[in-house]
Each structure stands twice: as structure tokens, then as C-alpha cells.
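Below is one structure, written out as C-alpha cells; the observations come after it.
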Amino acid sequence: MRNVDFAKGVLKGSMAGIICGWSAMALNRMTGAFPIESGLAFNLMTFASGGAIFGIVVGGLMTIAKDRLPFNTSLAKAVLLSTGLWLILQAGGQLMAITNPARFHVDWGQTLQGLLIAVILGVVLGFLWDKESNYT
């Protein structure tokens, strides 16, 4: 059995997720795709937490699947995983919108912004993945 370093996936995934979460706040500020309902300090924590959770999942998938993915670079593998996970979650949202359109609806601005944020997370994780760190 090969050695799987989950600590690397969790650490680098959470770092990438926090960076991505804060990038999402900046991107939303530029696009206005969805309304921000709270103050800056609260949103910094919320977006960092949400980004870290998504990043940890993608980082964990990266530790498990990196040798099985079709690309040679960590950057391409991380973008594939983050975008793939986002597409799966988006498909679930689409199914909810189909089954209960009165409650769930598709907002294409948020959809496109979410796709861009997933790509950004993959790019950041891909760059971080190959960097050596004292913690992993």
C-alpha cells in the first residue's frame, strides 16, 4: 500500500480554500452576482471557512487520486478535481431546481461565478501542491 499524506491535502487544501474564499469575496464585489448581507469581518470568516471546507475536500481527493488522474501536472489535476466536484454539486442544485422550482432556482450569474471560483481554487491548490513546506 502506498503512503498517502492526508496532512498535506488538508493543509494545502485549506490554505487554497481560504485564499479562494477571499478571492470569491473580491470577485463578487466586482461582479455583484449575489448580495452580501453582513459586514466585512463576518464575511471574511464565513468565506474563509466555506473555502477551507471545499479546499479540504479537494485536497483530500488530490491525495487519494493524484496518481490516477490523466494529467501530468499538479495544476491540471487540481483544476480537474475542483471543477469536477463543483460540477457534481451544481448538478445536484439543478436537480433540486427541477424537482421543486418554487423553492430552488438557477441563478446563472452565481453559476458562472461559482465555476470561476472552482477554477481559481484548483489553480491555487495546484501551485501550492508542489511547493515544499515545513509542515508537510
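The values are calculated or read from the model by the stated rules, or taken from the named source; none is laboratory data. Given the structure is predicted, the values throughout are model-derived calculations rather than measurements. A quick note on method: Cβ atoms are made from the backbone with ideal geometry, for glycine too, and the neighbour counts reach across all protein chains shown.
Conditions tested, residue by residue: (1) in contact (Cβ under 8 Å) with a residue 60 or more places away in the chain; (2) crowded, with 16+ Cβ neighbours inside 10 Å; (3) farther than 20 Å from Gly21 by Cα.
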position: Arg68; (1), (2), (3): no, no, yes
position: Ser82; (1), (2), (3): no, yes, no
position: Met96; (1), (2), (3): no, no, yes
position: Thr99; (1), (2), (3): no, no, yes
position: Gln113; (1), (2), (3): yes, yes, no
Residue pairs qualifying under the 7 Å Cβ cut-off, at least six apart or on distinct chains, with the first in region 120-136 being at pLDDT below 95 and surrounded by fewer than 19 Cβ atoms within 10 Å (Cβ to Cβ) and the second being among the acidic types (Asp, Glu) and not in a helix (DSSP H, G or I), are Thr136/Asp5
Q.
Regarding region 80-95, can at least one residue be identified that is of a type outside the set (D, E, K, R), assigned to a helix (DSSP H, G or I), touching a helix residue (DSSP H, G or I) at 6+ places or on another chain (Cβ under 8 Å) and at pLDDT below 90?
A. no
Does Met45 qualify as being over 9 Å from the mean Cα position of the chain (by Cα), farther than 20 Å from Gly122 by Cα and not hydroxyl-bearing (Ser, Thr, Tyr)?
yes
When region 8-54 is checked residue by residue, the ones that are among the aromatic types (Phe, Trp, Tyr) and either assigned to a helix (DSSP H, G or I) or buried (at least 20 other Cβ atoms within 10 Å of the Cβ) (or both) are Trp22, Phe42, Phe47, Phe54
